[in-house]
Amino acid sequence: MESVEEGLLLKERELVKWGVIWEEVKEIGYLAGPMIIVTLSQYFLQTISLMMVGHLGELALSSTSIAISIAGVTGLSLLLGMGTALETLCGQAFGAKQYQRLGQDPQISHEAGKFIKWMIPALFAYANLQPLIRYFLMQSMIVPMLISSCITICFHIPLSWVLVFSSGLGNIGAAVAFGLSMWLNVIILASYMKLSPACAKTRAPVSWEVVNGMREFFQFAIPSAVMICLEWWSFELLILLSGLLPNPQLETSVLSICLNTISTLYAIPFGLSGAVSTRVSNQLGAGNPLGARVSVISVMLLAATETILVSAAVFASRNVFGYIFSNEKEVVDYVAKMAPLLCLSVITDSLQGTLSGVARGCGWQHIGAYVNLASFYLCGIPIAASLAFWLNFRGKGLWMGILSGAALQTILLSVITCCTNWEKQAAMARERLHADEKSSVDNVLS
């Protein structure tokens, strides 16, 4: 009789456990769904411009890809990386209710040089946009970002068409449209933050406390930037290396299509990572280690489901999606041959992207930087160069090498997450936040 009762009790506990996970899945879905749309809209600004430029010919497509790659390496990746530091600081502070703390082909090179000069205004917009996104995300204020992104993308599509095809600017028009659209997004979000009553609690006035908090910010911002940059640069290096292969216009065009496809699809795991970063950081800031653990389990279930659906869709459309970027049959056929590798990249990107969100929520950016360094620069890039140039696999070899690095990154992040002591992480977050709160009070009194 007792064994039957024990069995029923265990079964009831299991049901309660899965009930908690299901509730957390819905909570993460509530954050991740709109965040995916927000992220997709930002990627679409760049991707739509590239789609239109691609129909001007292989030279326009390859040179624009090189220019966007250089802009990513020299500016966008650094700004995104530093912005993600706020997922740790703002997320844990919000959970603790401390609201106030929140050598290329000459033709390609020439065209790329003209394009990148017109990308400079977009860098300044991007620098303002990233902190604004983290400000809203860490408070689960998704609707303002969703509305702003939808307005921006509706503005960007006709603007790009006019500037690329009707104005005579060609690919330079794509750069101008990208910058204007980015600034529109910044203006909308900044205006909402300034004027909306919903931001009253967290809209702290400018004070010397900002200066005092700069040291702590950069303790997370520098490793965050390194973590993001190391991964981003490795993929952009593929584009630069492809320019050294035979028939560089074809190789660069195809790899840029593949990279932009993966970057756009990465908006889904990036949305999941933003959601789990918010949930984990909020839970740790509130001193709830069990809640943080449940958030991780829930988001990995969502990530696994997403990888199956998206990779299947990519493989099914392998003979078609190349036409979105180019009318050249040679380019489209090459893209179709790359599709199986893209499907594998979708799987690794989804898993490692989501796990990277867990790392940011916990403040493990320094660990993530070491993982990315080992995965891509000690493993992925050497393999890519060997396969492409030594074994003559060309573009496929470059992608296979970087895919091996992403696979190693996923394995290492999985091991780190599985070995995490969540009680210790919660204690560390609370200890740091209370120490900062005491320091702020002392500064006010003095």
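The values are calculated or read from the model by the stated rules, or taken from the named source; none is laboratory data. Since the structure is predicted, the reported quantities are computational estimates derived from the model, not experimental observations. Reconstructed Cβ throughout: ideal geometry from the backbone, glycine too, with neighbour counts over all protein chains shown.
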Can you list residue pairs whose Cβ atoms sit under 9 Å apart, with the first residue in segment 280-303 being of a type in the set (Lys, Arg) and the second being at pLDDT 90 or above? Count only pairs 6 or more apart in sequence or on different chains.
none
Quick one: residue 105 ticks every box in (1) at pLDDT 80 or above; (2) surrounded by 16 or more Cβ atoms within 10 Å (Cβ to Cβ) bar one, so which box is it?
(1)
Could you list all residues from segment 256-274 that are at pLDDT 80 or above and over 12 Å from the mean Cα position of the chain (by Cα)?
257, 258, 259, 261
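Between 316, 292, 275, 267, which is under 30 Å from residue 18 (Cβ atoms) and surrounded by fewer than 23 Cβ atoms within 10 Å (Cβ to Cβ)? Can you show your working first?
Details: 316 fails: under 30 Å from residue 18 (Cβ atoms); 292 fails: surrounded by fewer than 23 Cβ atoms within 10 Å (Cβ to Cβ); 275 fails: surrounded by fewer than 23 Cβ atoms within 10 Å (Cβ to Cβ).
Within the list 316, 292, 275, 267, the selection yields 267.
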Residues that are over 20 Å from residue 272 (Cβ atoms) and of a type in the set (Phe, Trp, Tyr): does segment 373-387 have at least one?
yes
Report, by residue number, each residue of segment 366-401 that is hydroxyl-bearing (Ser, Thr, Tyr) and over 17 Å from residue 240 (Cβ atoms).
370, 375
Consider residue 282 against the criteria (1) part of a helix (DSSP H, G or I); (2) more than 18 Å from the chain's Cα centre (by Cα); (3) over 19 Å from residue 133 (Cβ atoms): it satisfies all of them except one. Which criterion is unmet?
(3)
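For residue 224, state whether it is crowded, with 18+ Cβ neighbours inside 10 Å, at pLDDT below 70 and of a type in the set (Ser, Thr, Tyr). If you could, list the steps in order and put the result at the bottom.
Numbers: crowded, with 18+ Cβ neighbours inside 10 Å: yes; at pLDDT below 70: yes; of a type in the set (Ser, Thr, Tyr): yes.
Against the criterion (crowded, with 18+ Cβ neighbours inside 10 Å, at pLDDT below 70 and of a type in the set (Ser, Thr, Tyr)), residue 224 qualifies.
With the structure loaded, tell me whether residue 281 is under 30 Å from residue 23 (Cα atoms) and out of contact with any Ser or Thr (no Cβ under 8 Å at 6 or more places or on another chain) or whether it fails that test.
Values: under 30 Å from residue 23 (Cα atoms): yes; out of contact with any Ser or Thr (no Cβ under 8 Å at 6 or more places or on another chain): no.
Considered against the rule, which asks whether it is under 30 Å from residue 23 (Cα atoms) and out of contact with any Ser or Thr (no Cβ under 8 Å at 6 or more places or on another chain), residue 281 comes out as no.
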Only one of (1) small (Gly, Ala, Ser); (2) assigned to a helix (DSSP H, G or I); (3) more than 30 Å from residue 428 (Cβ to Cβ); (4) at pLDDT below 85 fails for residue 311. Which number is that?
(4)
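Quick check on segment 282-296. Is at least one of its residues out of contact with any strand residue (DSSP E or B) (no Cβ under 6 Å at 6 or more places or on another chain), under 26 Å from residue 328 (Cβ atoms) and modelled with pLDDT of 80 or more? Can you show your working first?
Keep residues of segment 282-296 that are out of contact with any strand residue (DSSP E or B) (no Cβ under 6 Å at 6 or more places or on another chain), which gives 282-296.
Then keep just the ones that are under 26 Å from residue 328 (Cβ atoms); that gives none.
Within segment 282-296, not a single residue is out of contact with any strand residue (DSSP E or B) (no Cβ under 6 Å at 6 or more places or on another chain), under 26 Å from residue 328 (Cβ atoms) and modelled with pLDDT of 80 or more.
When you check residue 345 against the structure, is it surrounded by fewer than 16 Cβ atoms within 10 Å (Cβ to Cβ), of a type in the set (Ser, Thr, Tyr) and under 24 Å from residue 53 (Cβ atoms), yes or no? Don't jump to the end; show me each part of the working.
On the way: surrounded by fewer than 16 Cβ atoms within 10 Å (Cβ to Cβ): no; of a type in the set (Ser, Thr, Tyr): yes; under 24 Å from residue 53 (Cβ atoms): yes.
No, not satisfied.
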Within segment 334-344, does at least one residue satisfy the condition of being in a helix (DSSP H, G or I), over 22 Å from the mean Cα position of the chain (by Cα) and of a type in the set (Lys, Arg)?
yes
Of all helices (runs of 4 or more DSSP H) fully inside segment 355-446, the set with 2 or more residues that are on the phi < 0 side of the Ramachandran plot, modelled with pLDDT under 80 and touching a Pro at 6+ places or on another chain (Cβ under 7 Å) is 365-372
Going residue by residue through segment 147-166, is there one that turns out to be modelled with pLDDT of 75 or more, touching a Gly at 6+ places or on another chain (Cβ under 7 Å) and outside any helix (DSSP H, G or I)?
no
